[in-house]
Amino acid sequence: MDLKQGNKEFINKINNDTTLKNRRDELVKGQHPSILVITCSDSRVIPEYIFNTSLGEIFVIRTAGNVINEGELATIEYAIEHLKVKEIVVLAHTHCGAIHASIHNEKGRYLDPILNRIKLNIGNVDNEIEASKINALKEVKYIKDKFLEYKGNVKAYLYDIETSKVEEI
Ligand SMILES: [Zn+2]
């Protein structure tokens, strides 16, 4: 994996695609994404790919286990107040390492804020898919409680990394 080479290829791709190039140039004036997606940092879960979106279409927060702590809350506020996103989606996924670690009470140097939060969300549920769903639903409730004035939809989705299918929870 060579990031610099990857970027060269991306630039070539844009330069050979007028629609994409125009979109990029238009977006220099400002971004107006309509949806905020909060998902896991898992390298198999790439929201821009999964939802087949392009530059400027979705605003994304990624944290292990798609949980919301202080910094994420600030980013959500920005998305609601300044970007005026019309919808918020918490996108969980199958085979989530953070959910697995939380169920198995794993410890790390700095993992506590994430693992403790998941544990608080899922309680004693030990089925990983069920736990992922409950975790996402609890985060949806948390967002609704924190932004009572927000009028857009706040939904939880589950992405199946085996089939690439997304379903609403
Ligand atoms: Zn994950």
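Since every read-out is calculated from the coordinates, none of them should be taken as a lab result. Please read all numbers here as calculations on a predicted model, not as lab measurements. Note: ideal-geometry Cβ built from the backbone for every residue, glycine included; neighbour counts use all protein chains shown.
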Among Y49, Y78, Y150, which comes first, second and so on when ranked by fewest other beta-carbon atoms within 10 Å?
Y49, Y78, Y150
With the alpha-carbon atoms as the only input, what is the per residue convex hull volume for region 108-165 in Å³?
114
Which loop-located trypsin sites (Lys or Arg not before Pro) does region 87-169 contain, where loop means any DSSP state but H, G, I, E or B and the Cβ has at most 13 other Cβ atoms within 10 Å?
K107, R109, K151, K165
Rounded to the nearest 0.05, what FRET efficiency do E149 and E70 give with R0 = 22 Å and r taken as the Cβ-Cβ distance? Could you check?
0.65
What is the order of V125, V37, fewest Cβ neighbours within 10 Å to most?
V125, V37
Take the Cα coordinates of region 31-168, assign each an equal point scatterer, and use the Debye formula without solvent to give log10 I(q)/I(0) at q = 0.09, 0.13 Å⁻¹.
-0.24, -0.51
Expected sort for F147, F10 with the fewest Cβ neighbours (10 Å cutoff) up front is F10, F147
Only Lys, Arg, Asp and Glu count, each charged at its Cβ (+1, +1, -1, -1), so figure out the dipole size of the chain about its Cα centre, rounded to 20 debye.
320
Just grab the label-to-label distance for L55 and H95, each label 7 Å out from Cα along the Cβ direction, in nm (one decimal).
3.2
Square roots of five times the Cα gyration tensor eigenvalues for region 67-136, Å
25, 15, 9
Hydrophobic long helices for the chain, i.e. whole DSSP H runs reaching 20 angstrom or more by Cα along the axis with Kyte-Doolittle mean at least -1.0, come out as 128-146
Run the quick spin-label model on D25 and K4: label points 7 Å from Cα toward the beta carbon, then report their separation in nm to one decimal.
2.9
Sticking with the crude label model, points 7 Å out along Cα→Cβ, report the distance from N12 to E81 in nm, one decimal please.
4.4
Tell me what the chain gives for mean residue ellipticity at 222 nm when only DSSP H runs of n ≥ 4 count, each as -39,500 (n - 2.57), the sum divided by the residue total, rounded to 500 deg cm²/dmol.
-13500 deg cm²/dmol
